[in-house]
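The values are calculated or read from the model by the stated rules, or taken from the named source; none is laboratory data. Small disclaimer: the values here were computed from a predicted structure and weren't measured. Heads up, the Cβs are rebuilt from the backbone with ideal geometry, glycines too, and the neighbour counts pull from every protein chain shown. All accessible areas refer to the heavy atoms of the entire protein, side chains included, with ligands and DNA or RNA removed. Shrake-Rupley method; radii C 1.70, N 1.55, O 1.52, S 1.80 Å.
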Amino acid sequence: MALRSVSRRLGSRILNHRSFVASIHSHATSFGFQEVKEEEKSKLVGNVFTNVASSYDIMNDVMSGGLHRLWKERLVGKLSPFAGMKHLDVAGGTGDVAFRIYDAVYSVKRRALQKVDEVSLEETQIYVCDINPNMLNVGKQRAAERGLRDNKSLVWVEGDAEALSFDDNSMDGYTIAFGIRNVTHIEKALAEAYRVLKRGGRFLCLELSHVEIPIFKNLYDLYSFQVIPNLGELIAGDRESYQYLVESVRRFPPQERFASMIADAGFEKVEYENLVGGVVAIHSAIKL
């Protein structure tokens, strides 16, 4: 799983890529394979996650065969959480990434190695930001089940990735897992990520991406379009939402193009790592 670094210049491969976003007029965007007005997309996406909130993590397990857990562990490993950090996890309503960051910070072994004092631990703040209150409610319930209902290190915030309520230069880290393809304006979400990060802050994005190996791609497409919507109907009682999911992945920019968008937002040291042949990719960058 080699890392690929990306410079600011656009290679010929990127210039030749005719993305869907570039092909439609400025007041339209994609909702899966549909073209919709920009003001409609957030409502449509909101309906998707309202419908799937209660079964979201179960479906992640079923669809990925549990691999999403390893992908998220990889994401958090790249973050290298530390005591006293202020971290923002966007589109993370169910808390799946935030709990992993919390566990990493509060790990007894890590604390011993880093000689962490209790004051630093108490200063740790992990903000879980999601635009959908239903997803946040699932996360809060999971926190309560873990005995973390009133834990001050976990802060639950209803908010929009394109218009964050946090101060400039206020966060040590920013993560977004399986969320950025659902925003209406990816560029705005990236600009907001850059704005809220401190100098030296780390940006990490885990997202379903594009498979390039021909035979594997054919099998992946078959699984995506023939199996996943049926699983959604069987387990979550919602075929349409999971049909949107697989379509939205195909509309998301390829790895190189997305990396260039991150660089265009001002980030440095942009690189990405493909997992499972590009089924998912982790993009990382630093605000210098």
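Quick check: anything in the range 183-191 in contact with a strand residue (DSSP E or B) (Cβ under 6 Å, 6 or more places away or on another chain) and buried (at least 24 other Cβ atoms within 10 Å of the Cβ)?
No, because not a single residue in the range 183-191 is in contact with a strand residue (DSSP E or B) (Cβ under 6 Å, 6 or more places away or on another chain) and buried (at least 24 other Cβ atoms within 10 Å of the Cβ).
Return the pairs, sorted by first residue and then second, in which the second residue is basic (Lys, Arg) and modelled with pLDDT of 95 or more, the first residue lies in the range 120-136 and is closer than 17 Å to residue 192 by Cβ and crowded, with 22+ Cβ neighbours inside 10 Å, the beta carbons are less than 8 Å apart, and the residues are 6+ apart or on different chains.
Every condition considered, the pairs that remain are 127/86.
Would you mind telling me which numbered condition in (1) in contact with a helix residue (DSSP H, G or I) (Cβ under 7 Å, 6 or more places away or on another chain); (2) open to solvent by less than 60 Å² (accessible area, probe 1.4 Å) residue 194 fails?
Here residue 194 clears every test but (1).
Any residue at all in the range 194-214 that is touching a strand residue (DSSP E or B) at 6+ places or on another chain (Cβ under 7 Å), touching a residue at least 60 places away in the same chain (Cβ under 8 Å) and aromatic (Phe, Trp, Tyr)?
yes
Out of everything in the range 66-86 that is over 16 Å from residue 282 (Cβ atoms) and of a type outside the set (D, E, K, R), what residue ends up being surrounded by the fewest Cβ atoms within 10 Å (Cβ to Cβ)?
Here the residue is 66.
From 252, 225, 216, which residue is under 14 Å from the mean Cα position of the chain (by Cα) and farther than 18 Å from residue 75 by Cα?
Answer to the selection: 252.
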